[in-house]
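Visitor: Here it is, the structure, as structure tokens.
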Amino acid sequence: MVNWLKDAVFYEIYPQSFQDSNGDGIGDIDGITSRLDYIKELGFNALWINPCYDSPFKDAGYDVRNYKKVASRYGSNEDLYRLFGEAHKRGIHVLLDLVPGHTSEEHPWFVESGRQERNAYSDRYVWADYAWAMTGRPYIAGECERDGIYMLNFFKSQPALNYGFGEIDEDWQMPADCPAAIETREAMKDVMRFWMDRGCDGFRVDMADSLVKNDTKDKAFTQKIWQDVRQMFDKDYPECVLISEWDNPSQSIPGGFHSDFTLDNPGSGYRTLFRDYRDDPDNKGSNPAILTKDHSFFRKDAGGNILRFLDKFLPHYEAVKGKGYISLISGNHDTPRLRRTLDPDELKVAYGFLFTMPGVPFMYYGDEIGMRYIDNLPTKEGGYSRTGTRTPMQWDHSRNMGFSTAFPEDLYLPLDPSDDAPCVEEQLGKEDSLLETVRSLIALRHSQADLQADGTFEPVYAKADCPLFLYRRGSLICGVNPSSSAITVKASEVKDGFGDQLLYSIGSADISGDDLTLGAQSFVVLA
Ligand code: NOJ
């Protein structure tokens, strides 16, 4: 396992909205570089930057037009190389976002692929060679001169790259080991090499499970591709890492990934922690913009039941223990922000949990100050309901909250309009602020090997009808009480008891004799 990952704490940056350095209203690479000290001082030692490549931005950059070129609105490749260097000087590793499943329809590969005359890129994408072949599938017709139709991987602007099919049920489908599929894989490895040769430390991999179509239930063909990529990493880039957007560690880790994200999918255990409002019977669809009730574990009034998370998490944790990690996230550019339904006190307890779980934690920019989800924004660059999560970082009380010197109407997205929009300046150095809580939690994690990625994890008090949750990390016990009442537990009720030294606490905690009392909305670590 890559050594630095064991104590990595990631910060995700949506480059559009983090820091604008040239006054054009949109964030850029130099802006990120100028904020590296802030990131380091909070204790983060790794970054994930969303796609910053040349793109028509129909899906915020997940529609790549040139994998090897930084989008001019963000600066130049040289700016990014400088960012790598400055980050490394500060002990920060940098992951870029790899989008291997699709390109933009404006990518030169696709433009070539759409020509009627056969050429080197004809089979780079999934095409059916007659227009009526893919009825019932996500396909596009009527756009190219080629006598055929192509499959989509996501939006209309994102044609699926061809990695072949697992099960073949129609004659236009190519097998996963056909030369064209291998060429696609090698082209993507070439992209990875390009950036790693220039200082990038690996990739967050978009829709990593989406490559081979009609794959087996356990995604065996897609796994094979990533195992091949992992071999390249182990041989030529042993200090670089691959983190998958897959949400199934039991598949992705044997597939070759170092870590896999938990995601906010319906039915996921992760969702029950922070955003448990889409499964509400009153909310018929799965649109996160529709907010009805919130039953999230970390809501003080939700009567939290941690088993809904553990029942999903533990089988994966046990399956990948010692082989790879699970990455719990505060959120990302696709999820509503936690602050949407959790107040700052609820967030502190939630973050106590996030930063003391095994695996590799990720925090989304702005979550450290409790930035809000902004409702009802018009969709931007294919953001839809995700747009409210992508607004500019709130630094201080200067113009545009320190994000940009542009006219407010020229900002990529509007700032949080509330009078009490949280900002870094207000929370810095203020002992009980969310920001300082995040800083102290990350410092705690760095100081205790037991709390890091490899430290063992075992729930020792977890019940369906009691919101108190205690878990052992190595020789330490962590405890969360998200509810609005104090809860007392006896040592005899906790598997193997608990220590009597309070190492860290948010809210009140009391150990007297055999009793441990966690006050309302508290988080503790006991030695
Ligand atoms: C997942 C990304 O996180 C999301 O933002 C994007 O729209 C899709 N994949 C398509 O690339």
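The values are calculated or read from the model by the stated rules, or taken from the named source; none is laboratory data. These figures come from a predicted structure and were not determined experimentally. So basically every Cβ, Gly included, is an ideal-geometry build from the backbone, and we count neighbours across all protein chains shown. These area figures cover heavy atoms from the full protein model, side chains too; ligands, DNA and RNA do not enter into them. Shrake-Rupley method; radii C 1.70, N 1.55, O 1.52, S 1.80 Å.
Visitor: Which semi-axes, in whole Å and largest first, does the equivalent ellipsoid of the range 72-191 have when worked out from the alpha carbon gyration tensor as the square roots of 5 times its eigenvalues? Intermediate values should be presented prior to the final figure.
Guide: Working: eigenvalues 222, 51, 33 Å².
They are 33, 16, 13 Å, listed largest first.
Visitor: Moving to a separate point now. Determine how many Å³ per residue the convex hull of the Cα atoms of the range 237-386 encloses. Provide the component values of the computation, followed by the final result.
Guide: Numbers: hull volume 19.7 nm³, N = 150.
For the range 237-386, the hull spanned by Cα atoms encloses 132 Å³ per residue.
Visitor: Filter the chymotrypsin sites (Phe, Trp or Tyr not before Pro) in the range 83-178 down to the DSSP loop ones having no more than 16 other Cβ atoms within 10 Å, then list what survives.
Guide: On the way: sites: Phe84, Trp109, Phe110, Tyr121, Tyr125, Trp127, Tyr130, Trp132, Tyr139, Tyr150, Phe154, Phe155, Tyr163, Phe165, Trp172; in loops: Tyr121, Tyr130, Trp132, Phe154, Phe155, Tyr163, Trp172.
Passing both the DSSP loop test and the Cβ count: Tyr130, Trp132, Phe155, Trp172.
Visitor: When the Karplus curve 6.51 cos²θ - 1.76 cosθ + 1.60 is applied with θ = phi - 60°, which whole-Hz ³J(HN,Hα) does each residue of the range 445-456 get, with x for Gly and Pro?
Guide: Per residue, the Karplus-derived 3J(HN,Hα) values read 4, 5, 8, 10, 4, 4, 8, 7, 3, 8, x, 5 Hz.
Visitor: As a test of the definition: which semi-axes, in Å, follow for the range 1-78 when you take the square root of five times each eigenvalue of its alpha carbon gyration tensor? Largest first, please. Display every interim value, and only then the final one.
Guide: Details: eigenvalues 113, 54, 20 Å².
So the equivalent ellipsoid measures 24, 16, 10 Å along its semi-axes.
Visitor: Taking each pair of distinct Cα atoms in the range 403-460 once, what is the resulting Kirkwood hydrodynamic radius in Å? Display every interim value, and only then the final one.
Guide: Values: mean 1/r = 0.0668 Å⁻¹.
Its Kirkwood hydrodynamic radius stands at 15.0 Å.
Visitor: Sequence-distant or interchain residues sharing an amide H contact under 5 Å with Lys68, placed H: which?
Guide: none
Visitor: From the protein chains alone at 1.4 Å, what is the descending order of accessible area for Ser505, Ser17, largest first? Show your work: numbers first, answer last.
Guide: Values: Ser505 55, Ser17 0 Å².
Largest to smallest exposure gives the sequence Ser505, Ser17.
Visitor: Mind listing the long-range amide H neighbours of Leu211? Cut-off is under 5 Å, sequence gap 5 or more, other chains count too, H placed in the peptide plane at 1.01 Å from N.
Guide: none
Visitor: Taking GluC sites (Glu not before Pro) as candidate sites, keep only those in a DSSP loop with at most 13 other Cβ atoms within 10 Å, then name the longest stretch of the chain containing none of them. Walk me through the numbers on the way to the answer.
Guide: Numbers: sites that count: Glu117, Glu143, Glu145, Glu167, Glu170, Glu239, Glu431.
Result for the longest clean stretch: 240-430.
Visitor: Give the ranking of Ile168, Ile13, Ile374 by solvent-accessible surface, highest area first, calculated with a 1.4 Å probe. Walk me through the numbers on the way to the answer.
Guide: On the way: Ile168 85, Ile13 0, Ile374 20 Å².
Largest accessible area first, the list is Ile168, Ile374, Ile13.
Visitor: Using the Cα centre of the chain as origin and beta-carbon charges of +1 (Lys, Arg) and -1 (Asp, Glu), tell me which of Ile253, Trp395, Leu47 is placed farthest towards the positive end of the dipole.
Guide: The residue sitting farthest along the positive end of the dipole is Ile253.
Visitor: If you don't mind, there's one more thing I want to ask. Roughly speaking, to the nearest percent, how much of the range 54-206's 1.4 Å accessible area is carbon and sulfur? The partial results should precede the final answer.
Guide: Numbers: 3010 of 6160 Å².
Here carbon and sulfur together make up 49 percent of the probe-accessible area.
Visitor: Remind me, what semi-axes does the chain give for its equivalent ellipsoid, largest first in whole Å, using sqrt of 5 times each Cα gyration tensor eigenvalue? Display every interim value, and only then the final one.
Guide: On the way: eigenvalues 311, 140, 98 Å².
They are 39, 26, 22 Å, listed from largest to smallest.
Visitor: Would you tell me the accessible area of Ile92, worked out with a 1.4 angstrom probe on the heavy atoms of the protein chains, in Å² to the nearest 10?
Guide: Using a 1.4 Å probe on the heavy atoms, I get roughly 0 Å².
Visitor: Could I ask something else about it? In Å and on Cα atoms, what radius of gyration and Dmax does the range 102-162 show?
Guide: Just the Cα atoms of the range 102-162 yield Rg and Dmax of 10.1, 29 Å.
Visitor: Ignoring ligands, DNA and RNA, please state the percent of accessible area on the range 458-526 from carbon and sulfur, probe 1.4 Å. Write out the running numbers ahead of the final one.
Guide: Values: 1220 of 2730 Å².
Ligands and nucleic acids excluded, carbon and sulfur give 45 percent.
Visitor: Just how large is the dipole of the chain about the Cα centre, in debye to the nearest 20, putting +1 at every Lys and Arg Cβ and -1 at every Asp and Glu Cβ? Write down the numbers at each step before the final one.
Guide: Numbers: 56 positive and 83 negative charges, 111 e Å.
So the magnitude is around 540 debye.
Visitor: Further, regarding this structure: Quick check: convex hull of the Cα atoms in the range 154-207, volume per residue, rounded to a whole Å³?
Guide: Value for the range 154-207: 113 Å³ per residue.
Visitor: Among Gly366, His333, Leu314, which residue has its Cα positioned farthest towards the positive end of the charge dipole of the range 301-376, with +1 placed on the Cβ of Lys and Arg, -1 on the Cβ of Asp and Glu, and the dipole taken about the Cα centre?
Guide: Leu314
Visitor: Separate question: In the range 322-425, how does Rg compare with the Kirkwood Rh, expressed as the Rg/Rh ratio over alpha carbon atoms?
Guide: Numbers: Rg = 15.0 Å, Rh = 14.8 Å.
On the Cα set of the range 322-425, Rg over Rh gives 1.01.
Visitor: Hey, quick one: spin label on Asn376, modelled 7 Å out along Cα-Cβ, who in the range 383-411 has an amide N within reach, i.e. under 18 Å?
Guide: 384-391
Visitor: Per residue, how much accessible area does the chain have with a 1.4 Å probe, in Å²? Before the final figure, lay out the partial values.
Guide: Numbers: 19480 Å² over 527 residues.
Spelled out: the 1.4 Å probe surface of the chain, per residue, equals 37 Å².
Visitor: Using alpha-carbon positions, what is the distance between the centroids of the range 227-247 and the range 461-525, in Å?
Guide: Centre-to-centre distance over Cα atoms comes out at 38 Å.
Visitor: Something else now. Using θ = phi - 60° and the Karplus curve 6.51 cos²θ - 1.76 cosθ + 1.60, what whole-Hz ³J(HN,Hα) does each residue of the range 172-188 get, with Gly and Pro shown as x?
Guide: Those phi angles translate into 7, 7, 9, x, 5, 9, 6, x, 5, 5, 5, 4, 4, 4, 5, 5, 6 Hz.
Visitor: Which trypsin sites (Lys or Arg not before Pro) does the range 189-224 hold that lie in a coil by DSSP with at most 10 other beta carbons within 10 Å? Can you show the working numbers first?
Guide: Working: sites: Lys189, Arg193, Arg198, Arg204, Lys213, Lys217, Lys219, Lys224; in loops: Arg198, Lys217, Lys219.
Of the trypsin sites (Lys or Arg not before Pro), the ones in loops of the range 189-224 whose Cβ has at most 10 other Cβ atoms within 10 Å are Lys217.
Visitor: Given bins 5 angstrom wide, list per bin the percent of all Cα-Cα distances in the range 136-282, short to long.
Guide: 2, 9, 15, 18, 19, 15, 12, 8, 4, 1, 0
Visitor: Here's something else I'd like to know. Step through the table entries Lys40/Lys490; Lys213/Lys348; Lys68/Lys380; Lys323/Lys495, compare each Cα-Cα distance with 30 Å, and write down the pairs that go over it.
Guide: Numbers: Lys40/Lys490 40 Å; Lys213/Lys348 42 Å; Lys68/Lys380 24 Å; Lys323/Lys495 26 Å.
Long pairs (Cα-Cα over 30 Å): Lys40/Lys490; Lys213/Lys348.
Visitor: Run a plain Debye calculation on the range 348-496 (Cα atoms as equal point scatterers, no solvent) and give log10 I(q)/I(0) at q = 0.19 Å⁻¹, rounded to two decimals, same order as the q list.
Guide: -1.13
Visitor: Can you tell me the alpha carbon radius of gyration of the range 458-526 divided by the globular rule-of-thumb value 2.2 N^0.38 Å? The partial results should precede the final answer.
Guide: Numbers: Rg = 10.5 Å, N = 69, 2.2 N^0.38 = 11.0 Å.
Working it through for the range 458-526, the quotient is 0.96.
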